[in-house]
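Notes to accompany the following structure.
Just so it is clear, none of the values below were taken in a lab; they were calculated from the coordinates. The shown structure was predicted, so the numbers you read here are calculated from the model rather than taken from an experiment. In this analysis, Cβ positions are derived from the backbone assuming ideal geometry, glycine residues included, and neighbour counts consider all displayed protein chains.
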Amino acid sequence: MGRADPGDLVRYGGAPAKLGLRIDYADDPVGLSVYLGLLLHDAIADRVDLDPGNVPPGEFFARFVGWTRSARP
């Protein structure tokens, strides 16, 4: 199986993408967090460009990285 599409995580809230990422990074949870941190950084930069007054850090963190702390399926 190839890497999950991170765009799904952004566009759809990403249950299929999250599952795919958990599978792809099953042996590397730190790598998953680093990868998602990079996506988080890019998403914040995009939002600042589009709507600088609307960048809720907690919401972004929960969506991109925070879910990795939950219990594994």
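Order 45-55, 28-38 from most to least packed using the mean count of other Cβ atoms within 10 Å.
Working: 45-55: 10.4, 28-38: 14.2.
By packing density, highest mean first, the sequence is 28-38, 45-55.
With the radius of gyration and the Kirkwood radius both derived from the Cα set of segment 6-69, what is their ratio Rg to Rh?
Details: Rg = 11.9 Å, Rh = 12.1 Å.
A ratio of 0.98.
Gain in length, Leu19 to Val55, computed as 0.36 nm per residue apart minus the alpha-carbon separation, to one decimal in nm? Let's see the in-between values first.
Numbers: separation 36, 0.36 × 36 = 12.96 nm, distance 2.61 nm.
Length difference between fully extended and current span is 10.4 nm.
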